[in-house]
Amino acid sequence: MRPGRSRTGLGAVIAAAAAGLVASLWTWTAPGDPARWRAAPDAPGVELHLLDNGFHTDLAVPRAALEARGGPLAGAVRALPPGGWILIGWGDARFYVDQSPIGDRLPDGARAFFRPGNASVVMLDPDPRDPAELFAEEGRRSFRITPAGFEALAARVEASLDLSGGGPRIAAVRAGDDARFLASRETFSIAHLCNHWTAGVLNAAGLPVRPFRSIVSSELMAAVDRAELDSAAPRD
């Protein structure tokens with residue numbers, strides 16, 4: 001066999017293997033737990049909302065439920081200004097907090113995406129308004145999870161906090177804004193973006209998610225929709 005043909009054949013094998021890997025990652029689903037995820041209508045549960053602004057997702061969580069479980073996360077919530085709902089999100093410690101025009105932040109966005117190991121923060125933002133009334137349906141998914149699912153979800157959020165100093169530490173605040181940005185022990189990069197983090201939090205609560213596809217916010221909305229369809233499907 002000529003050397004040129006050998007190299008061509010090897011290249012085809014490598015290309016096929018790479019395509020297979022991408023396809024596997026694209027369809028890979030982290031399994032959920034229906035027993036934790038969906039609360040029956042006549043059973044105890046906690047109402048949550050997934051909020052999507054087109055590229056980033058936050059969770060709206062009842063303040064009372066977070067405070068009732070105790071622990072470092074509950075302590076951080078109690079220290080917040082008033083508001084019956086807490087918006088919870090995660091992101092890069094600089095890019096996420098900065099509110100200057102997006103066009104001015106493109107170089108910093110590239111840094112956050114492509115440099116590994118960027119510091120990150122957990123956002124806790126109190127709001128007195130009902131998310132079901134405040135956010136349009138196309139940018140919101142509402143669901144009711146079991147107490148066990150909620151405990152797992154809150155524990156996953158709490159596990160993201162940097163508690164090396166003995167408790168949650170405020171890493172940043174914004175002038176005139178009630179949101180608090182707490183230091184996280186996780187790092188931000190293109191391999192672990194804000195929506196990946198939220199997907200992990202929802203998966204802890206029992207929702208099946210597609211981690212690779214969760215780079216985009218719409219995939220998380222679709223994951224909730226799929227779970228809703230599965231729960232509505234007739235069972236034998």
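The values are calculated or read from the model by the stated rules, or taken from the named source; none is laboratory data. Worth saying up front: this structure is predicted, and the values here are computed from it rather than measured. In this analysis, Cβ positions are derived from the backbone assuming ideal geometry, glycine residues included, and neighbour counts consider all displayed protein chains. Keep in mind that these areas ignore ligands, DNA and RNA; they rest on the heavy atoms of the full protein, side chains included. Shrake-Rupley method; radii C 1.70, N 1.55, O 1.52, S 1.80 Å.
Tabulated results
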{"read-out": "Principal-axis tilt of helix 217-232 within the chain, Cα atoms, nearest 10 degrees", "value": "80"}
{"read-out": "Residue-normalised accessible area of the chain, given per residue in Å² at a 1.4 Å probe", "value": "52"}
{"read-out": "Residue-count net charge about W90 - beta-carbon cut-off 14 Å; Lys, Arg +1, Asp, Glu -1", "value": "-2"}
{"read-out": "Placed amide H near L161: partners under 5 Å, 5+ positions off or other chain", "value": "R185"}
{"read-out": "As computed over the stretch 68-188, the Cα convex hull volume per residue (Å³)", "value": "138"}
{"read-out": "Stokes-Einstein translational diffusion, the chain - Kirkwood Rh over all Cα pairs, 0.692 mPa s, 37 °C, in µm²/s", "value": "170"}
{"read-out": "The chain, accessible surface, carbon-and-sulfur percent (1.4 angstrom probe)", "value": "61"}
